[in-house]
Amino acid sequence: MAGIITTPYGGPYAATKHAIEGMALTLKDELEEFGVQVATINPGAYNTGFNDRAAEEKWKWYDGEKNFTRAEDMKKQEKGLKNQFDPEDMIEKMIKIIPADHHKFRTVHPEKTEKQMKESEKKRWDMEI
């Protein structure tokens, strides 16, 4: 998800996901002639503890006197963690997708996240600075 949609203060994490998107597309093209299928699964924000831990860890080093990012802006960003999805739902989706012979190159789940990602990409094509 972070390889398509970015959020403030998530640049380093998003960069790793952008890299995975690029690598997966490259491998798909390179390995297709050998019968190797490459695809991505992009989960939405699931309640696995990862997102919560990332949000908590920054407060161990954050110093409002030294850091230029305002604490209230980061706290506002954390509010998105209140509506995380049940991971069991994503596990069930992966169990169906991974062994399948044919499916989309990019599987996004849940559908709400897929719509959000597509809308974000569309906005970027028309974005002006």
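Yes/no per residue for (1) closer than 21 Å to LYS82 by Cβ; (2) without any contact (Cβ under 8 Å) to a residue 60 or more places away in the chain; (3) aliphatic (A, V, I, L, M):
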{"residue": "ALA15", "(1), (2), (3)": "no, yes, yes"}
{"residue": "ASP29", "(1), (2), (3)": "no, yes, no"}
{"residue": "ALA54", "(1), (2), (3)": "yes, yes, yes"}
{"residue": "TRP59", "(1), (2), (3)": "yes, yes, no"}
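Taking the stretch 96-113 on its own, how many of its residues are under 19 Å from ASN51 (Cβ atoms), open to solvent by less than 40 Å² (accessible area, probe 1.4 Å) and not in a strand (DSSP E or B)?
2
If you take the residues of the stretch 42-83 that are open to solvent by less than 100 Å² (accessible area, probe 1.4 Å) and of a type in the set (Phe, Trp, Tyr), which of them is farthest from PRO99 (Cα to Cα)?
Among residues in the stretch 42-83 that are open to solvent by less than 100 Å² (accessible area, probe 1.4 Å) and of a type in the set (Phe, Trp, Tyr), the one farthest from PRO99 (Cα to Cα) is TYR62.
Have a look at ALA2, ALA39 and point out the one that is at pLDDT 90 or above and either surrounded by fewer than 13 Cβ atoms within 10 Å (Cβ to Cβ) or within 28 Å of TRP125 (Cβ to Cβ) (or both).
Selected residue: ALA39, the only one of ALA2, ALA39 that is at pLDDT 90 or above and either surrounded by fewer than 13 Cβ atoms within 10 Å (Cβ to Cβ) or within 28 Å of TRP125 (Cβ to Cβ) (or both).
Read through the list (1) free of Cβ contacts under 8 Å to residues at least 24 places away in the same chain; (2) loosely packed, with under 12 Cβ neighbours inside 10 Å; (3) within 25 Å of GLU121 (Cβ to Cβ), then give the number of the only condition that MET23 fails.
Among (1) free of Cβ contacts under 8 Å to residues at least 24 places away in the same chain; (2) loosely packed, with under 12 Cβ neighbours inside 10 Å; (3) within 25 Å of GLU121 (Cβ to Cβ), the lone unmet condition for MET23 is (2).
Within the stretch 59-104, which residues are over 30 Å from ALA24 (Cα atoms) and within 20 Å of the chain's Cα centre (by Cα)?
Within the stretch 59-104, the subset over 30 Å from ALA24 (Cα atoms) is 59-76, 79, 82.
Scanning the stretch 59-104 gives MET74, LYS75, LYS76, LYS79, LYS82.
Show the residue pairs that are 6+ apart or on different chains and have beta-carbon atoms under 9 Å apart, the first residue being within the stretch 84-95 and surrounded by 13 or more Cβ atoms within 10 Å (Cβ to Cβ), the second being in a helix (DSSP H, G or I).
That search, which allows pairs on different chains as well, returns GLN84/ASN51; GLN84/ASP52; PHE85/LYS112; PHE85/THR113.
The values are calculated or read from the model by the stated rules, or taken from the named source; none is laboratory data. The model shown is predicted, which means the values in this text are computed figures rather than measured ones. Here the Cβ is made from the backbone with ideal geometry for all residues, glycine too, and neighbour counts use every protein chain on show. Side chains included, ligands, DNA and RNA excluded: accessible areas come from the protein's heavy atoms. Shrake-Rupley method; radii C 1.70, N 1.55, O 1.52, S 1.80 Å.
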